[in-house]
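The values are calculated or read from the model by the stated rules, or taken from the named source; none is laboratory data. Just so it is clear, the model here is predicted, and its values are computed rather than measured. Cβ sites come from the backbone with ideal geometry, for glycine too, and all protein chains shown count toward neighbours.
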Amino acid sequence: MTLSKFSSLGIKPAILKTIQNLGYEAPTPIQAMCIPVLLSGKNLLGTAQTGTGKTAAFALPLLSQLDDKQETPQILVLTPTRELAIQVAEAFQSYARNVSGFQVLPIYGGVDISVQLRGLKRSTQVVVGTPGRILDHLRRRSLNLSQIKTLVLDEADEMLRMGFIDDVEKILSQTSIECQRALFSATMPSRIKNIADTYLGDAQHVSISAKTRTVAQIKQNYLTLRSHQKLDALTRILEVEPFDGMLIFVRTKSATLEIAEKLEARGYTSAALNGDLSQSAREGTLKRLKQGSLDIVVATDVAARGLDVKRISHVINYDVPYDNESYVHRIGRTGRAGREGRAIIFVTQKESRLLRSIEKSTRQRIVPFKLPSSSEVRDLRIQQITERLVRTSKKPELTKFRALVDSISAQNGIDATEIAAILIYEGQKDRPIFPTNINCDIKHGDTFLTQKLKKRNKSTSANSAHGPSDSCRSKHPLKRKVTKNQSKKRYFVPNDVSSNIKMLKYRIEVGRDDGITAANIVGAIANEAGIQSHYIGQIKLQKNFSTVHLPEGMPRQLFTHLRKVKIRQKELKISLINS
Ligand code: AMP
């Protein structure tokens, strides 16, 4: 755990102010290590994965050093996918909220190039893009790298996996020798190491220590879900898990307040614990927790440092920790004084790598948590409400209320059953008796969904009769997700990862003789079609054509677009193979 503060790292005041407003309490370990290196102008080689706070680790120092006079782009970030390009561009935009005149431009394939050409003509300080499209702009001379001061390669191993590494090298070779370079990668395959050796010189190497630690006495579970499902999942855990004291970890100060408030609204006594609290308020909260007048505390890592309360039976990692050290520290708040403890971690699909790395470093398995189904929750809630009604029915003061019900009923023509139904409905809004099913996206026993999907895609046969359709919305599991920056026609991502996705076999007119690899195909289709790469199924390279399995229900416009997409200057001319 790092003890450093953002204010001591040398970040510009305007950016510090934004971080404060975002509720970030302290730099994550990767940030504490990278920010000084990047501010000093050195090259950096970072082993870090998504979820560690790596975007801010490079965005904050680079934004702190922008030259307000330069009108051409100063920072170029290369990402493997357009989703990541958008995400990184949005992060820059939000961190630079208080920097006047700041502009960032995301650049990726699959959208009309003219919008990007116009964007590049305006003064833009930061360009974030996928390698193929950046190269396109270099060829057209709409982008000039000679004035770029820092080049960041984000998720370099993914760029390698998706077949972009040659493009990345071409781009690297066009930056000036004085250009500062930072390369982030979750893993360091030899090709990435070679690139680092060639282009990063004596870069400072930064990685989060992966010490192995044992965490006996603590039963560990995980739950894979989507961010918006976390609160519902937490509420269900609170209902079914017998707990004494509970500590819930979130990432920001604002989240401690938000979650504590939401739990209060659902009838749980809870309090926030964050670094903004005075020492006496913090001590007050801990005292109440120790004495049992408070059961749930929602905390940031900083505020919970060293916390020792024996009755904490559960630790919930509502947001994943930034590194394995913080995880071990967090869960060590339970299982105190020889008692048994339980730790549950919420992970989104893209954070599954972190889970694997925690398992590796603690040498312990984290097993899936069995979340109760909607019908189990319904039955429990009905039982609770029935018990409450029966208890209250014995209270003498009800006489007046019976008369009130009779009078409302007579005056409004609503019978007593109707009134009872209305009151129960009104009273259960925060904990609905008939909850919607949140299990649909939570797949138990499946830590690494991506791998499973890949396996399934490989074994899926391609003998479906369906071809490209005009709508993918209604009839299959791929639901479109459109953000304001993306082409509505082309982007779709699977919504329900647990459903069976039907794969269709397509032919594309590029093959081995064109010098392509399967990774080139994955990269081109993933970025042009907006399909996450793990939904691209089996690829077979032939002499002068190839076949690829793609999810059923491709919108017609996308199909037309993909026909014209080029790999190694040759159009794909994609067509469906009927078998
Ligand atoms: P990343 O690893 O860059 O994908 O970041 C993961 C998440 O952590 C993002 O939602 C960030 O907003 C958040 N984050 C990054 N740095 C901090 C910090 N120092 N404190 C709290 N949250 C952070």
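Annotations for the structure displayed:
- Considering region 173-187, and only residues there that are outside any loop (DSSP other than H, G, I, E, B) and among the polar types (S, T, N, Q), the residue that is surrounded by the fewest Cβ atoms within 10 Å (Cβ to Cβ) turns out to be SER173.
- Residue check, VAL206 over 22 Å from SER313 (Cβ atoms) and among the β-branched types (Val, Ile, Thr): yes
- Filter result for the condition that a residue is closer than 18 Å to ASP136 by Cα, within 13 Å of the ligand (Cβ to nearest atom) and in the same structural domain as LEU138 (by TED's automatic domain parsing), over VAL115, VAL77: VAL77
Condition check ((1) under 45 Å from the mean Cα position of the chain (by Cα); (2) farther than 23 Å from ILE433 by Cα; (3) not aromatic (Phe, Trp, Tyr)) across all residues:
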| position | (1), (2), (3) |
| --- | --- |
| ASP379 | yes, no, yes |
| ILE382 | yes, no, yes |
| THR386 | yes, no, yes |
| SER393 | no, no, yes |
| PRO396 | no, yes, yes |
| PHE401 | no, yes, no |
| LEU404 | no, yes, yes |
| SER407 | no, yes, yes |
| ALA420 | yes, no, yes |
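- In the set SER361, SER313, SER375, SER357, only one residue is surrounded by fewer than 21 Cβ atoms within 10 Å (Cβ to Cβ) and farther than 30 Å from GLY51 by Cα; that residue is SER375.
- Cβ-Cβ under 7 Å pairs, at least 6 apart or on other chains, region 266-281 side on the phi > 0 side of the Ramachandran plot, far side surrounded by fewer than 17 Cβ atoms within 10 Å (Cβ to Cβ) and not charged (D, E, K, R): none
- Positions within region 551-565 being at pLDDT 85 or above, among the charged types (D, E, K, R) and either in contact with a Cys (Cβ under 9 Å, 6 or more places away or on another chain) or under 20 Å from PHE164 (Cβ atoms) (or both), in sequence order: LYS564
- Considering region 203-219, and only residues there that are of a type outside the set (Ser, Thr, Tyr) and modelled with pLDDT under 90, the residue that is surrounded by the fewest Cβ atoms within 10 Å (Cβ to Cβ) turns out to be ALA216.
- Residue satisfying condition, being within 16 Å of the ligand (Cβ to nearest atom), more than 28 Å from ILE525 (Cβ to Cβ) and among the hydrophobic types (A, V, I, L, M, F, W, C), within set ALA96, ALA48, ALA91: ALA96
- Residue in region 351-368 that is within 16 Å of the ligand (Cβ to nearest atom) and of a type in the set (Val, Ile, Thr) present: yes
- Residue count, region 166-194 (criterion: touching a residue at least 40 places away in the same chain (Cβ under 8 Å) and within 22 Å of GLY515 (Cα to Cα)): 2
- Candidates are the residues of region 533-550 that are outside any helix (DSSP H, G or I) and at pLDDT below 85; the one that is farthest from GLN349 (Cα to Cα) is GLY537.
- The criterion of at least 3 residues that are small (Gly, Ala, Ser) is met, among helices (runs of 4 or more DSSP H) falling completely within region 362-443, by 398-412, 416-427.
- Candidates are the residues of region 89-118 that are more than 25 Å from ALA14 (Cα to Cα) and surrounded by fewer than 19 Cβ atoms within 10 Å (Cβ to Cβ); the one that is modelled with the lowest pLDDT is ASP112.
- Evaluation of TYR222 against (1) more than 19 Å from the chain's Cα centre (by Cα); (2) in the same structural domain as HIS329 (by TED's automatic domain parsing); (3) crowded, with 16+ Cβ neighbours inside 10 Å (one fails), failing number: (1)
- Meets criteria (closer than 22 Å to VAL347 by Cβ, crowded, with 20+ Cβ neighbours inside 10 Å and at pLDDT 95 or above) for ALA57: yes
- Positions within region 291-308 being over 19 Å from THR28 (Cβ atoms), modelled with pLDDT of 90 or more and assigned to a loop (DSSP other than H, G, I, E, B), in sequence order: GLY292, SER293, LEU294, ASP295
- Set side by side, the residues ILE248, ILE237 differ, and just one is away from the ligand (no atom under 16 Å from the Cβ) and either β-branched (Val, Ile, Thr) or assigned to a loop (DSSP other than H, G, I, E, B) (or both), which is ILE237.
- Comparison of SER278, SER270 shows that the only residue that is in the same structural domain as ILE344 (by TED's automatic domain parsing) and either farther than 22 Å from VAL240 by Cβ or over 31 Å from the mean Cα position of the chain (by Cα) (or both) is SER278.
- Any chance THR198 is at pLDDT below 95 and not in a loop (DSSP other than H, G, I, E, B): yes
- ALA272 satisfies every condition listed in (1) out of contact with any Asp or Glu (no Cβ under 6 Å at 6 or more places or on another chain); (2) assigned to a helix (DSSP H, G or I); (3) among the small types (Gly, Ala, Ser); (4) within 16 Å of the ligand (Cβ to nearest atom) except (2).
- Residue identified as within 12 Å of the ligand (Cβ to nearest atom) and either surrounded by fewer than 24 Cβ atoms within 10 Å (Cβ to Cβ) or outside the structural domain of ILE75 (by TED's automatic domain parsing) (or both) among ILE30, ILE19: ILE19
- Filter result for THR2 (in contact with a Ser or Thr (Cβ under 9 Å, 6 or more places away or on another chain), of a type in the set (Ser, Thr, Tyr) and either modelled with pLDDT of 95 or more or buried (at least 20 other Cβ atoms within 10 Å of the Cβ) (or both)): no
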